[in-house]
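What follows is one structure encoded as structure tokens, with my remarks underneath.
Bear in mind these aren't lab numbers, they're just calculated from the coordinates by the rules spelled out. Computed from a predicted structure; not experimentally measured. As a convention, Cβ positions derive from the backbone with ideal geometry for all residues, glycine included, and neighbour counts pool all protein chains shown.
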Amino acid sequence: MINDQQKGFTLLEVLIYIGVLGIIVVAVSSYFLWSIQTSTKIKVIGEALDNTRRAMEIMVYEVREAESIYTETSIFNSHPGQISLETQKYLPPDENKTYIDFYLSEGKLCLKKESQDPICLTSERVEVKNLVFSQIISGNTPSIQIDLRVDYKNPTGRSEYQAQVNLRNVASLRSY
């Protein structure tokens, strides 16, 4: 016996199927978009943090190894983003002192050892927004407080490319 009703889907069933499928596609694509943006944000923050930590470690190391702080030009008052350190570390013991300078140049933190070309301590993808050296005198040991702020360069203005790292550290000269 043959059933008079035809087998198939009604228009209402097809519309419900398309609606449910559309919701699933939107949810899955939103998740993938969110995960890509989150991954980008994590990479941007990591880049800014790595640059800031590396630069701070190098500055603290050089301050600790320095013989003294070169202050003849009252560098802490006129140029808080620059410091000169006197050292003999890179010279034979019988030679005079040499100088190591840290300074900002076009948003990059630079290290210059006397008679050598400057070295950028930060990458092209970040910009140093703030560098302040403050001399702290506690007893007989001079110390330097270093305040450093690094921002990830974000020419597009997109939120996932925004990152800022602020670090503060204090280093004392070991030679005292």
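For region 112-151, take the alpha-carbon Rg, divide it by the Kirkwood Rh, and send me Rg/Rh. List each step's numbers first, then the result.
Details: Rg = 14.1 Å, Rh = 12.6 Å.
Rounded to two decimals, Rg over Rh is 1.11.
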In degrees, nearest 10, range 0 to 90: what is the angle between the Cα axis of helix 11-65 and the longest Cα principal axis of the chain? 10
Place the peptides 127-138, 12-23, 35-46 in order of packing, highest mean first, counting for every residue the other Cβ atoms within 10 Å and averaging per peptide. 127-138, 35-46, 12-23
Note the count of lysine pairs whose C-alpha atoms are less than 29 angstrom apart in the chain, limited to pairs 8 or more residues apart or on different chains. 20
Across 10 Å bins beginning at 0, the whole-percent shares of Cα-Cα pair distances in region 13-172 come to 10, 30, 24, 14, 9, 6, 4, 3, 1, 0
If each part is reduced to its alpha-carbon centroid, region 11-30 and region 146-170 end up apart, in Å, by 42
